[in-house]
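Computed from the coordinates by the stated procedures, all read-outs in this text should not be read as laboratory data. Just so it is clear, the model here is predicted, and its values are computed rather than measured. All Cβ positions, glycine included, derive from the backbone under ideal geometry; neighbour counts span all protein chains shown.
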Amino acid sequence: MIDIAREMPGCRVVSLVVDDYDDARATVRDVLEELGHEVVEAGNGQEAFDFLIAHPNVRVGLIVLDLKMPVMNGWEFLALMRSYVRLSRIRLWCIGQRLVAEIPTKPRGLAGCLEAPYELPKLRALVGAVPMPSA
């Protein structure tokens with residue numbers, strides 16, 4: 001995980017990319033940065049949750065979350081986020097394979113889902129449609 005807390009003093013708005021595959025994180029990070037987002041990365045749900053708790057001054061406006069990861073998967077992360085009022089308000093997009101079968105109805109807290117492998121223009125359009133809160 002990238003520790004940006006010391007590089008980003010004060011209340012800043014960033015996007016958090018959570019995926020256990022480096023290449024997948026890099027692809028999503030590149031798209032988000034093209035759209036003007038500052039990005040933090042985590043390799044699993046536990047790293048992402050630890051970052052969110054340890055850095056309350058870094059305001060996360062969007063999370064792009066893989067559902068199948070080791071340590072803490074996306075489902076466990078989503079359930080944990082819902083139990084914290086501050087975290088439950090963060091917009092969240094999930095990415096994964098065969099999501100239609102896994103998610104028959106959109107759970108509370110999800111802005112949407114994107115099937116992997118996904119086309120980059122579709123990812124850009126979906127993420128670009130999510131308004132980022134101001135700092």
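For segment 49-57, putting each phi into the Karplus relation 6.51 cos²θ - 1.76 cosθ + 1.60 with θ = phi - 60° gives couplings of 5, 4, 4, 4, 6, 6, 10, x, 7 Hz, in residue order, rounded to whole numbers and with x for Gly and Pro. Taken one residue at a time, the phi angles of segment 86-94 give Karplus couplings (6.51, -1.76, 1.60, θ = phi - 60°) of 4, 7, 5, 8, 6, 5, 9, 10, 9 Hz. Gly and Pro are set to x.
Set the Förster distance to 25 Å, then compute FRET efficiency between D30 and L110 from the Cβ-Cβ distance, nearest 0.05.
Calculated transfer efficiency: 0.65.
Under 5 Å between amide hydrogens, which residues at least 5 positions from V39 or on another chain qualify, with H placed 1.01 Å from N in the peptide plane? For V39, whose amide H was placed from the backbone, the distant partners under 5 Å are S15.
Give me the extension gain from E38 to R86: residue separation times 0.36 nm, minus the current Cα-Cα distance, reported in nm with one decimal. It would help to have the intermediate numbers written out before the result.
Values: separation 48, 0.36 × 48 = 17.28 nm, distance 1.98 nm.
Here the answer is 15.3 nm.
Under 5 Å from the amide H of W93 lie the amide H atoms of I63, V64, L65, A111, each residue being 5 or more positions distant or on a separate chain, with H modelled from the backbone and absent for Pro and chain starts.
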